[in-house]
Amino acid sequence: MNDNFISPDFYQIDDLLSEEHKLIRESTRQWVSKSVCPIIEDYAQKAEFPKHLVKELGEVGAFGPYIPQKYGGAGLDQISYGIMMQEIERGDSGIRSTASVQSSLVMFPIWKFGSEEQKMKFLPKLATGEIMGCFGLTEPDHGSNPSGMTTNFKSDGDDIILNGSKMWISNSPFADIAVVWAKDENKRIHGVIVERGMKGFTTPETHNKWSLRASATGELIFDNVRVPKKNILPGKSGLGAPLMCLDSARYGISWGAIGVAMDCYNTALKYSLERVQFGKPIAAKQLQQKKLAEMLTEITKAQLLSWKLGKLKNEDTATSAQISLAKRNNVDMAMNIARESRQVLGGMGITGEFSIMRHMMNLESVITYEGTHDIHLLILGHDITGHNAF
Ligand code: TGC
Ligand code: FAD
């Protein structure tokens, strides 16, 4: 597969980045070009997760880059995290999923809500990829409305007994641990670390996906699973705890979507300059220029949005609604660019010779998970009007 990526920077947004940000971008970009781009199409066609990339993701620092060094992270800022997600998703949304689930949905809750013992036990191994985690919030009957979840536990001495099931869980088929959200006897939601090998805990894989084919998705099934109470995250309970994790992951996705859009734009631009029809490169035709000009406009707007959101995240002042706006806008922007750039390539656009069609299919998941396009609109509507329309 081709990889001659040149990233568009029409508004010199690089001037807003530090030297460290640029170094992180360069090293992540080189890794993606070397290790992801050459193999990802084959894995997507086979519907297989390239598991050998886990160790390398750990080595490039993609697992918990903003987690303090004391716990095995790199202690970087939020813009660094965003840049990494952008570069990795330029390769494939499924690989970015692996990195963002591990960082924002597994390491983040253990770091923010875990005991010191839990942090020391799990975070350093999660940072290197020695162990992998997944995040269980969604259930078969509760997707957009997780507060209705029925997964529950009862106290039994020093343990809890966990029952229920989770669906659509990224990385579940191979994860060593799962951060699972479940209700106690008082219907209060808690995070529980469930470890592979616990009796009654199974993780069947979900097959036949047309999207995120290089990412493993599955269920989490709990049949009277005995979990020690010391595996409950003590620092925060209630739906606000998983929603805080989602804020972190949604922010990363806003950057990731830019990576996809840049890759599609870049592919379409190069193809249009080379492809000759009616005696001229198609890039010389007004209709193709309109597509390219609009793509670059939308990418530039999205770059500024995520950069400013990163500044707010660094100051710890980003609101959930601001994050929803960026996730919603940027994923939608990337989907439109994938569709338009696919058309620029004509028939070639549907083949695995180019990354566009895989990106387009992946984005169907990205626009649905971490809150659907419409749920983010309703979060914004609530913020603007004060009326909850869920
Ligand atoms: P609501 O009543 O609004 O809130 C419940 C409690 O939570 C507080 N809260 C937040 N706290 C922290 N951060 C946030 N972003 C928060 N948003 C709300 C809120 O103040 C309240 O606190 P308290 O103390 O009063 O109880 O909750 P609701 O039930 O009305 O639901 C709100 C809604 C619809 C926005 C929420 O349920 C939602 O976001 N739904 C979408 C579900 C979703 O995004 N699921 C994602 C699953 S994980 C996933 O998709 C991973 S994909 C991974 C990958 O591969 O990349
Ligand atoms: P539903 O909630 O049933 O929604 C169906 C439709 O109804 C949507 O269009 C939605 O926008 C709309 N809708 C819902 N409520 C309203 C309303 N109030 N008003 C108007 N319209 C509404 N979850 C995890 O917990 N962990 C994971 O790791 C994870 N990984 C995933 C990986 C993949 C590949 C996919 C596809 C999903 C993953 N998810 C994960 C689940 C994901 O978060 C949910 O699919 C998503 O939140 C939507 O839930 P749902 O699929 O049940 O759709």
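The values are calculated or read from the model by the stated rules, or taken from the named source; none is laboratory data. In this text, all values refer to a predicted model and were calculated from it rather than measured experimentally. FYI the Cβ positions are ideal-geometry reconstructions off the backbone, even for glycines, and counts take in every protein chain you see. Just so you know, the surface numbers come from the protein's heavy atoms only, side chains and all, with ligands and any DNA or RNA stripped out. Shrake-Rupley method; radii C 1.70, N 1.55, O 1.52, S 1.80 Å.
Relative contact order of the stretch 1-105, taken over Cα pairs closer than 8 Å and 6 or more residues apart, is 28 percent.
Amide hydrogen proximity for GLU139: with H placed 1.01 Å from N in the peptide plane, the residues at 5 or more positions away or on another chain lying under 5 Å are MET167. In this structure, the pairs whose alpha-carbon distance is over 25 Å, taken from LYS51/LYS166; LYS291/LYS327; LYS229/LYS327, are LYS229/LYS327. Of the residues ALA249, GLY310, LEU269, the one whose Cα sits farthest toward the positive end of the charge dipole of the chain, with +1 on the Cβ of Lys and Arg and -1 on the Cβ of Asp and Glu, is LEU269. For the cross-link pairs LYS70/LYS187; LYS125/LYS230; LYS154/LYS230; LYS112/LYS209, the ones whose C-alpha atoms lie over 23 Å apart are LYS70/LYS187; LYS112/LYS209. Cα centroid separation, the stretch 305-351 to the stretch 283-304: 14 Å. Determine, at each q value in 0.18, 0.20 (inverse angstroms), the log₁₀ of I(q)/I(0) that the Debye formula gives when each Cα of the stretch 265-331 is one equal point scatterer. Once normalised to I(0) and log-transformed, intensities are -0.70, -0.78. Expressed as a whole percent, the accessible area of the chain that falls on carbon and sulfur atoms is 52 (1.4 Å probe). Protein heavy-atom accessible surface, 1.4 Å probe, per residue over the chain: 43 Å². Here the stretch 57-107 is assigned +1 on the Cβ of each Lys and Arg and -1 on the Cβ of each Asp and Glu. Its dipole about the Cα centre then comes out at about 120 debye. Remark: the chain carries a charge dipole of roughly 280 debye about the Cα centre, counting +1 on each Lys and Arg Cβ and -1 on each Asp and Glu Cβ.
Only helical runs count toward this figure. For the chain, summing -39,500 (n - 2.57) over DSSP H runs of n ≥ 4 and dividing by all residues gives -15500 deg cm²/dmol at 222 nm. For the stretch 342-390, the relative contact order works out to 17 percent when only alpha carbon pairs closer than 8 Å and six or more residues apart are counted.
Kindly express, to the nearest 10 degrees and within the range 0 to 90, the angle between helix 37-46's C-alpha long axis and the longest C-alpha principal axis of the chain. Roughly 60 degrees, rounded to the nearest 10.
Here the 3J(HN,Hα) profile of the stretch 123-136, calculated from phi with Karplus coefficients 6.51, -1.76 and 1.60 at θ = phi - 60°, is 4, x, 6, 5, 5, 8, x, 4, 10, 10, x, 9, 10, x Hz, Gly and Pro shown as x.
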